[in-house]
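Working notes for the structure below.
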Amino acid sequence: MNEKTKQLIFSLLKKNPECSITSLMKLAYLVDLISVERYKKQVSNFKYRRYYYGPFDSKIYLYIEDLINKKIIIPKSDYTITTGKEFVVYSPSESSDYNSDKINSKELMIIDELLESVKGYGARALTEIAYRTKPMIALGAKTNNSKGIGLRLKFGKR
C-alpha cells in the first residue's frame, strides 16, 4: 500500500472533513490531474478508470479501510436531504496526528488551491467537474452516457 496515497487521502479529509467516498475520489483525481499538468507526476498511485460516477480506482476502498483500522479516520453515516438515503462520510479522528511527510510543499499547495476553489461543493458538483476534464472528454464520457466505461484515463501526453 502506497504511503503517499494514504497521506493524500488524509490531507484531503483533514482540510475537508465529512467527505464521501465519491467526493474523495474526485478530489484525489483533480489533485493528480493538476499535479500531472504542472509537474508531470501524480501525487497518488491511483490508476483512474471511467466508471458511472466519473474517474474511479477501487483501491480507494483498501486505503480507507486501512486508515479506519488504524483509527486515523472515522466513518459516520449521513443521509441525503431529498431522499433520506444513507451514505458514509469520513473525517480525521480527533486523536490522529498522522504524518504527511511524503507530500511535498508543491503538492500541498495543489491540495490547498483545489480545496479553496471547490469549497462547499458536494459529490455531484465534483463529479460534474471531473466530467469536464480532458481525460474524460477524450473518452467521450458524459454524465448521461456509458462511453469508455472501464477504460483507463490518460493524463498529460503519456
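The values are calculated or read from the model by the stated rules, or taken from the named source; none is laboratory data. This structure is a prediction, so every number in the text was calculated from the model and none was measured. Because the Cβ atoms are built from the backbone with ideal geometry, glycine has one as well, and the counts that use them run over all protein chains shown.
The table below lists the values:
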{"quantity": "Residue ID - farthest from the chain's Cα centre (by Cα), chosen from residues in segment 99-119 that are charged (D, E, K, R) and assigned to a loop (DSSP other than H, G, I, E, B)", "calculated": "D101"}
{"quantity": "Breaking point among (1) buried (at least 16 other Cβ atoms within 10 Å of the Cβ); (2) in a loop (DSSP other than H, G, I, E, B), for G84", "calculated": "(1)"}
{"quantity": "Top-ranked residue of segment 1-41 - restricted to ones that are small (G, A, S) and part of a helix (DSSP H, G or I), ranked as surrounded by the most Cβ atoms within 10 Å (Cβ to Cβ)", "calculated": "A28"}
{"quantity": "Filtered residues of segment 87-98 (kept if surrounded by 10 or more Cβ atoms within 10 Å (Cβ to Cβ) and either among the basic types (K, R) or more than 14 Å from the chain's Cα centre (by Cα) (or both))", "calculated": "F87, V88, P92, S93, S96, Y98"}
{"quantity": "Count of residues meeting criterion [at pLDDT below 95 and exposed (fewer than 13 other Cβ atoms within 10 Å of the Cβ)] in segment 111-121", "calculated": "2"}
{"quantity": "Residues that are within 18 Å of the chain's Cα centre (by Cα) and farther than 14 Å from P55 by Cβ, drawn from segment 120-155", "calculated": "G120, Y121, G122, R124, A125"}
{"quantity": "Matching entry among G156, G140, G120, G84 (being touching a residue at least 24 places away in the same chain (Cβ under 8 Å) and on the phi > 0 side of the Ramachandran plot)", "calculated": "G156"}
{"quantity": "Residue within segment 39-58 that is of a type in the set (D, E, K, R) and farther than 24 Å from K142 by Cα present", "calculated": "yes"}
